[in-house]
Amino acid sequence: MLTRPTTMIHSIHVENFKSLVDCDLKLAPLTLLVGLNGEGKSSVLHLLDFLGQLMRGDIKGWLDRRKWTSGDLISKFKPNHPMIKFRLDIEVDRQRFLWSGEYDHREHACLTETVDFTDEHGEHDEIKLTDPTETEQTSRCLFPKVIFQYQGSILSQIRFDPEPDHEKLRILKPFVMAMKRVRSLDLLSPSAMRRRARESDGSIGPEGEQLSAFFHELSQETREKLEKQLSEVYGRKIKIETSVMKAGWKKLEVLETFTALNDPITIESRHVNDGLLRLLAILAELETDNTLPMFDEIENGINSELIAFLLERFRDSGKQILVTTHSPMILNHLEDDLAREGIIYMYRDDQGFSHAKKFFEIPAMAEKLKVMGPGTAFVDTDLARLRAEIEAVAVEVPEWSGS
């Protein structure tokens, strides 16, 4: 059984972000994006990481880390449109928030934002953050006139510690904190994980470059939990040790115990194999307070025999998980109901726009699932031709309802 997360992004609509020119996407507690290369799977991870960065601020620093320019965010199909429009529906502790806005890539900032709020009792409110019109009541606008410089969302500039006095800020706090913890690990790299780090900020870092510091800061209980998981997977005792070097740099070492030796073998991180490092990073990420762990091509460097183990960790994490994959092995480990809800097919139309559709809502795929496992149905399908069937069926999509 899948543990349902207390914080969950239900759906996203975006316009003019890379190949996501006009795209709607619904997320499950465990979502797996499938499709051919270049169809927009990684762009979904980039989008969510971008929306999280809007709430964290420092868009220029985020772009620099990815070696992107501001213009790289804008769709090549509409290069003269500087605005990225988005609408995100998120639930935090049974409270629902619908966040919409317009981001100007030239200003590195959202020029208008609105947050619709519905509490667990069904009470509804709307908070406008910028640019109220003359006909609107300014009392509904948290910031009637913004006169300071900022990057990303206006909300990135608000301090929520100590607890704010403003009632609407108290309402927004859980939503803002949840969005700040939306991070993608699509840049995860074994070479980065081998580096020594000083501090972790409670995260392993977008490339895994803070893994040594993050592990050093873990509680003994959490460290032993991760060591037990690795030992079960590899069939021998594995222990992770960290030490503090000069200037506060943290060094990570892996100790492996074999029956033929009296003492464990100590391997410094720069010599640890890629697969073990990647698995350690994924398991460590599940121990952070990040809202939505996201991994690109989750099967990379992971032995196929470990896939079932990894999916069990995802199910038990209590977090919403989003991954991209090309592996039928992963899909075959999903129960049919989880496959129906969580496997999303990404494809591009003749204009080059990316679209998302539940894989097993496509009639031919729904028929295959009756007699095949999810992964077998995936392998048995010509993905290049699947788009034609989707367009032929042309199921009408209802208007956005925010539910």
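Data for the structure
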| item | result |
| --- | --- |
| Simple Cβ-charge dipole of region 196-350, Lys/Arg +1 and Asp/Glu -1, about Cα centre, in debye nearest 20 | 660 debye |
| Rg to Rh, two decimals, where region 1-121 supplies the alpha carbon set and Rh follows Kirkwood | 0.98 |
| Computed over region 321-363, Kirkwood Rh from alpha-carbon pairs, angstrom | 11.5 Å |
| Dipole magnitude of the chain about its Cα centre (Cβ charges: Lys, Arg +1; Asp, Glu -1), debye to nearest 20 | 1200 debye |
| Heavy-atom accessible surface of the chain: percent carbon and sulfur, 1.4 Å | 47 percent |
| Long-range Cα-Cα pairs in region 51-99 (distance over 16 Å), rounded percent | 57 percent |
| Principal axis dimensions, largest first and in whole angstrom, of region 190-288 by Cα | 38, 28, 24 |
| Region 278-299 versus region 1-78: alpha-carbon centroid distance in Å | 17 Å |
| Where N is the number of residues in region 261-313, Cα Rg divided by 2.2 N^0.38 Å | 1.34 |
| P(r) weight above 12 Å for region 1-45, C-alpha pairs, percent | 67 percent |
| Heavy-atom accessible area ranking, 1.4 Å probe, most first, across Trp68, Trp62, Trp249 | Trp249, Trp68, Trp62 |
| Å² of accessible area per residue within region 190-288, as computed with a 1.4 Å probe and no ligands counted | 50 Å² |
| Under the Karplus curve 6.51 cos²θ - 1.76 cosθ + 1.60, θ = phi - 60°, whole-Hz ³J(HN,Hα) for region 180-195, x wherever Gly or Pro sits | 5, 9, 8, 9, 9, 10, 5, 9, 3, 9, x, 5, 6, 5, 7, 6 |
| Within region 190-288: Cβ-based charge dipole about Cα centre, in debye rounded to nearest 20 (Lys, Arg +1; Asp, Glu -1) | 280 debye |
| Nearby lysines by direct alpha-carbon distance to Lys173 (threshold 17 angstrom, same-chain neighbours under 8 apart not counted) | Lys128 |
| Mean shadow area of the chain, taken as a quarter of the surface of its Cα convex hull (nm²) | 23.1 nm² |
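The values are calculated or read from the model by the stated rules, or taken from the named source; none is laboratory data. Since the structure is predicted, the reported quantities are computational estimates derived from the model, not experimental observations. Heads up, the Cβs are rebuilt from the backbone with ideal geometry, glycines too, and the neighbour counts pull from every protein chain shown. These area figures cover heavy atoms from the full protein model, side chains too; ligands, DNA and RNA do not enter into them. Shrake-Rupley method; radii C 1.70, N 1.55, O 1.52, S 1.80 Å.
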